[in-house]
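The values are calculated or read from the model by the stated rules, or taken from the named source; none is laboratory data. Note that this is a predicted model, so its numbers are computed, not measured. Positions of Cβ are generated from backbone atoms using ideal geometry, with glycine treated the same way; all protein chains shown enter the neighbour counts. Note: accessible area is taken over every heavy atom of the protein model, side chains too, but ligands, DNA and RNA are not part of it. Shrake-Rupley method; radii C 1.70, N 1.55, O 1.52, S 1.80 Å.
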Amino acid sequence: MTVETRTGVPMSGPDLAEREIELVSQVLRGPTLSIGPMVEHFERAIADYVGMRHAVAVSSGTTGLHLAVLAAGVTDGDEVITTPFSFVASANVVLYERARPVFVDVDPLTFNLDPNRIEAAITPRTRAILPIDAFGQACDMPAIREIAQRHQLPVIEDACEAIGARWDGVQAGALADAAVFAFYPNKQMTTGEGGMIVTNRDDWSELFRSLRNQGRGPDTAWLNHVRLGYNYRLDELSAALGLAQAERLDDLLAKRDRVAALYTERLRELDGIEPPYVSPRATMSWFVYVVRFAPEVSRNAVMARLAEHGIPARPYFVPIHLQPFYVERFGYRRGDFPITERAGDTCLALPFRSTQTEAEVDYVVEHLRRAIRDGGKC
Ligand SMILES: *Cc1c(COP(=O)(O)O)cnc(C)c1O
């Protein structure tokens, strides 16, 4: 093995080609750096890809989720049902509107919102349901939507990790009142910073366009502000990058599939570690590759050993309810959401990007094998 000659593997990385440079350059050569045609082209590309009537580009996944929460009418003292096994932004956007995230625990296999736990959490203050598509596996939207419709609640899907994922063959985002994708550089496709809201609701689409643009009215008269708005716009350079990435999205996802398949094949030979669970109903859009360790293996010890060999790996996710700010504000404790906590304690995201070579996968797996053998035991 050539394992020892390598110096390390990056945690993630964008996959950029000539087309990206070409489209971004086209913007640089023109006069329009914001509010221009690239944003419109990019929106159309994503709307078509997901099969939705509207796509509205925004400055990040977080700002997109914030606007979706606003569209759902979430306000002071309201409750939004969501999970604590996510990136902190999905709960923070509820706090932005002085409402309360009501956490319910996740399915122990997919780590997504367990539909069976929703109804017990609904109260007269519940204003929306906000499920997450963790790691690029779409959540069970048919079940979630059925419950939501029965209680006349909108569903906001945090699909920031799941563009192109499917559940029962249906695209992530397609069954939500609004769904949000994110394009930070470690996601499946990137705009640098950026996000996209998709919806089939004409009224929400119009509202999103107004809210992201300082609350301007639909006539877009430059200084006519009809509501409290924000500057959550995506600029033309970012949109050009996004358009080029959207054109290549199937290819980008296929390359990630290949890397995930290599990992899964290699990991089958190792004891004490499990590859990611993929439901038979799911088609993954691989965002991260997250393994689970058996109880007798110390995840943190393995992580430390990998780091010694230039292999970054991260606990993913650290549960939101155990984040210092949430503990301080809401008094959450260990034991509140046991399935989420077990996942948080035993999961590790390995280096993963579309351009990862087979040799890099082998390097990571070989050091995982050694770490589990020597240092991974508690
Ligand atoms: C990336 C991500 C976000 C936020 O995206 P930004 O573009 O970084 O604001 C939100 N939720 C989840 C689950 C994410 O992974």
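Cβ-Cβ distances below 9 Å connect the following pairs, each with a first residue in segment 185-207 that is over 19 Å from Ser60 (Cβ atoms), a second residue that is part of a helix (DSSP H, G or I), and a separation of six or more residues or different chains: Arg201/Ala71; Arg201/Leu207; Asp203/Ala71.
Could you tell me whether any residue of segment 262-276 is more than 16 Å from the ligand (Cβ to nearest atom), among the β-branched types (Val, Ile, Thr) and either free of Cβ contacts under 8 Å to residues at least 12 places away in the same chain or under 30 Å from Val69 (Cβ atoms) (or both)? Within segment 262-276 (the criterion being more than 16 Å from the ligand (Cβ to nearest atom), among the β-branched types (Val, Ile, Thr) and either free of Cβ contacts under 8 Å to residues at least 12 places away in the same chain or under 30 Å from Val69 (Cβ atoms) (or both)), the answer is no, since none of the residues qualifies.
For segment 177-213, the candidate set comprises residues that are of a type in the set (Gly, Ala, Ser) and not in a loop (DSSP other than H, G, I, E, B); within that set, the residue that is nearest to the ligand (Cβ to nearest atom) is Ala182. Please work out which residue is nearest to Arg125 (Cα to Cα), limiting yourself to segment 73-88 and to residues that are surrounded by 21 or more Cβ atoms within 10 Å (Cβ to Cβ) and within 20 Å of the chain's Cα centre (by Cα). That would be Val80.
Only residues that are assigned to a helix (DSSP H, G or I) and either hydroxyl-bearing (Ser, Thr, Tyr) or within 16 Å of the ligand (Cβ to nearest atom) (or both) were counted across segment 23-38, and they come to 1.
For segment 127-160, the set of residues classified as open to solvent by 10 Å² or more (accessible area, probe 1.4 Å) and near the ligand (Cβ under 10 Å from one of its atoms) consists of Phe135, Asp158, Cys160, listed by residue number.
Taking strands (runs of 3 or more DSSP E) that fall entirely within segment 42-137, which contain at least 3 residues that are under 28 Å from Gly242 (Cα atoms)?
Numbers: elements: 54-58, 79-82, 100-103, 126-130.
In segment 42-137, 54-58 are the strands (runs of 3 or more DSSP E) which contain 3 or more residues that are under 28 Å from Gly242 (Cα atoms).
Give the residues of segment 155-176 that are on the phi < 0 side of the Ramachandran plot and not in a strand (DSSP E or B), sorted by residue number. Across segment 155-176, the qualifying residues are Ala159, Cys160, Glu161, Ala162, Ile163, Ala165, Ala172, Ala174, Leu175, Ala176.
Scanning segment 141-178 for residues that are without any contact (Cβ under 8 Å) to a residue 60 or more places away in the chain and under 14 Å from the mean Cα position of the chain (by Cα) yields Glu157, Ala159.
Tell me whether segment 346-360 contains one or more residues that are closer than 13 Å to Val290 by Cβ and over 18 Å from the mean Cα position of the chain (by Cα). Scanning segment 346-360, I find at least one residue that is closer than 13 Å to Val290 by Cβ and over 18 Å from the mean Cα position of the chain (by Cα), so the answer is yes.
Taken over segment 2-22, the criterion of being open to solvent by 70 Å² or more (accessible area, probe 1.4 Å) and part of a helix (DSSP H, G or I) is satisfied by Glu4, Thr5, Glu18, Arg19, Ile21, Glu22.
For segment 307-335, what are the residues that are more than 21 Å from Ala294 (Cα to Cα), part of a loop (DSSP other than H, G, I, E, B) and touching a helix residue (DSSP H, G or I) at 6+ places or on another chain (Cβ under 6 Å)?
Residues of segment 307-335 that are more than 21 Å from Ala294 (Cα to Cα), as a first pass: 308-310, 320-333.
From what is left, the residues that are part of a loop (DSSP other than H, G, I, E, B) are 309-310, 323, 331-333.
Result: His309, Tyr332.
Quick one: in segment 44-60, of everything that is open to solvent by less than 10 Å² (accessible area, probe 1.4 Å) and closer than 19 Å to Glu193 by Cβ, which residue is nearest to the ligand (Cβ to nearest atom)? That would be Val58.
Which of the following residues is in contact with a helix residue (DSSP H, G or I) (Cβ under 6 Å, 6 or more places away or on another chain), surrounded by fewer than 18 Cβ atoms within 10 Å (Cβ to Cβ) and modelled with pLDDT of 95 or more: Gly192, Gly242? Matching residue, one of Gly192, Gly242: Gly192.
Picking from residues in segment 224-239 that are open to solvent by 50 Å² or more (accessible area, probe 1.4 Å) and in contact with a strand residue (DSSP E or B) (Cβ under 8 Å, 6 or more places away or on another chain), the one that is modelled with the lowest pLDDT is Asn224.
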